[in-house]
1. Count, please, the residues in segment 263-284 that happen to be in contact (Cβ under 8 Å) with a residue 12 or more places away in the chain, over 14 Å from His318 (Cα atoms) and not in a helix (DSSP H, G or I).
2. Within segment 201-210, identify whether any single residue is over 30 Å from Val345 (Cβ atoms) and of a type in the set (Ser, Thr, Tyr), and answer yes or no.
3. What do you reckon, is Ala94 of a type in the set (A, V, I, L, M), open to solvent by less than 30 Å² (accessible area, probe 1.4 Å) and under 19 Å from Leu186 (Cα atoms)?
4. Within segment 268-283, which residues are surrounded by fewer than 17 Cβ atoms within 10 Å (Cβ to Cβ) and either out of contact with any Gly (no Cβ under 6 Å at 6 or more places or on another chain) or closer than 25 Å to Arg103 by Cα (or both)?
5. Filter segment 139-159 down to residues that are part of a loop (DSSP other than H, G, I, E, B) and either open to solvent by 20 Å² or more (accessible area, probe 1.4 Å) or in contact with a Phe, Trp or Tyr (Cβ under 7 Å, 6 or more places away or on another chain) (or both), then give me how many there are.
6. Of the numbered conditions (1) over 22 Å from Gly91 (Cβ atoms); (2) open to solvent by 40 Å² or more (accessible area, probe 1.4 Å); (3) touching a residue at least 40 places away in the same chain (Cβ under 8 Å), Ala234 fails exactly one; give the number of that condition.
7. Filter segment 27-53 down to residues that are assigned to a helix (DSSP H, G or I) and open to solvent by less than 30 Å² (accessible area, probe 1.4 Å) and give me whichever is nearest to Asp102 (Cα to Cα).
8. Which count do you get for residues in segment 288-342 that are part of a helix (DSSP H, G or I), in contact with a Lys or Arg (Cβ under 9 Å, 6 or more places away or on another chain) and under 23 Å from Thr87 (Cα atoms)?
Amino acid sequence: MPEPVTAVAEPMIPTARAAPPSASEFAPLLRTVKGQGLLERRHTWYALGIAVNALALACVVTGVVLVGDSWWSLLLAPPLAVLCARTAFIGHDAGHSQITGDRTRARIIGLIHGNLLLGMSYAWWNDKHNRHHANPNHIDKDPDVVADVLVFTAAQAAHRSGFRRWLTRNQAWLFFPLTLLEGVALKIHGFKDLRRQPLRERVVEGSLLVTHVAAYATLLLTSLSPGKALAFAALHHALFGLHLGLAFAPNHKGMEMPDPAGERWGHLRRQVLTSRNIRGGVLTDWFLGGLNYQIEHHLFPSMPRPHLRLAQPLVRAHCEELGIPYAETGLVDSYRQALLHLHEVGEPLRPARS
């Protein structure tokens with residue numbers, strides 16, 4: 001089987017200059033960003049985006065009903081997957097207080113877009129995602145790099161056995177095919193997390209999750225035959241998971257991973273050195289939901305999405321002044337770097353070539 005990456009270009013990750021972690025590195029940047037009003041909410045921008053997304057979702061649902069029991073209905077699964085990804089991005093922004101500083105309103109927006117519209121637990125996602133933001137790529141603290149289906153370090157790979165060992169050997173090849181299952185996995189994680197939640201939160205979250213499943217099943221089974229309904233659901237969730245995988249893959253995979261026993265980095269270095277930006281224009285911003293400005297998003301999690309591109313030159317210039325590497329690349333190359341990292345992690349488990 002050919003290797004997923006046949007050549008290695010220049011080193012993916014520049015080595016950071018040694019410097020003591022210091023809040024003072026971040027403070028001047030924070031003052032500049034605040035001074036330019038980039039942390040102020042964009043209520044109208046988000047209200048318009050939420051309204052357009054809701055209208056588009058309603059149009060697709062209406063289309064499924066009107067087309068009825070026909071294989072042509074499957075043509076509506078791809079746009080529904082794209083709109084579900086937009087819905088997930090809105091829920092993500094609500095969880096970070098980018099849409100509103102009012103926690104109750106933010107939670108309502110998150111519950112509607114996460115639990116009700118996607119069947120994905122807002123509380124589960126927030127808990128997991130906030131721990132990731134606090135310590136990105138930290139092997140002991142970031143839930144996104146815990147050894148599971150994929151592993152991210154040689155130490156994790158060394159403990160794999162049986163089927164998981166085979167997975168790790170081939171994880172670079174399997175990464176994007178595995179994202180086809182992510183749409184269903186997100187729903188399962190949400191239901192499983194209900195046991196962790198306090199009773200009141202569990203009732204609200206659980207009720208909305210069940211409502212989503214019931215409404216989704218009712219829509220498909222009353223509009224399509226069981227076989228076509230199953231095919232629609234499979235295609236929709238596979239493309240939804242792939243879209244999210246394409247958005248999340250470039251952000252941190254293959255970037256620096258802090259040594260748990262080493263020196264603790266300050267906020268600026270902890271977020272910048274572990275994150276990667278993606279170059280592009282309006283289409284890239286739209287497709288990746290603003291996550292292409294991953295460095296700025298990690299430095300300022302509550303910054304509204306449309307302000308991230310405005311903050312980018314300020315952050316880049318500040319990093320250059322301090323001699324801190326600022327990683328930015330094209331979308332395709334970001335996937336190459338992420339897959340190369342996964343491939344190298346699994347390399348010791350592959351049979352030696354004669």
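1. Residues that pass the stated criteria total 11.
2. Yes, there is a match, as at least one residue in segment 201-210 is over 30 Å from Val345 (Cβ atoms) and of a type in the set (Ser, Thr, Tyr).
3. yes
4. Gly280, Gly281, Val282, Leu283
5. Qualifying residue count, segment 139-159: 10.
6. Here Ala234 clears every test but (3).
7. Among those residues, the one meeting the criterion is Tyr46.
8. Residues in segment 288-342 being part of a helix (DSSP H, G or I), in contact with a Lys or Arg (Cβ under 9 Å, 6 or more places away or on another chain) and under 23 Å from Thr87 (Cα atoms): 9 in total.
The values are calculated or read from the model by the stated rules, or taken from the named source; none is laboratory data. In this text the structure is predicted, and so the values were computed from the model without any measurement. In this analysis, Cβ positions are derived from the backbone assuming ideal geometry, glycine residues included, and neighbour counts consider all displayed protein chains. These accessible areas exclude ligands, DNA and RNA; they are computed on the full protein's heavy atoms, side chains included. Shrake-Rupley method; radii C 1.70, N 1.55, O 1.52, S 1.80 Å.
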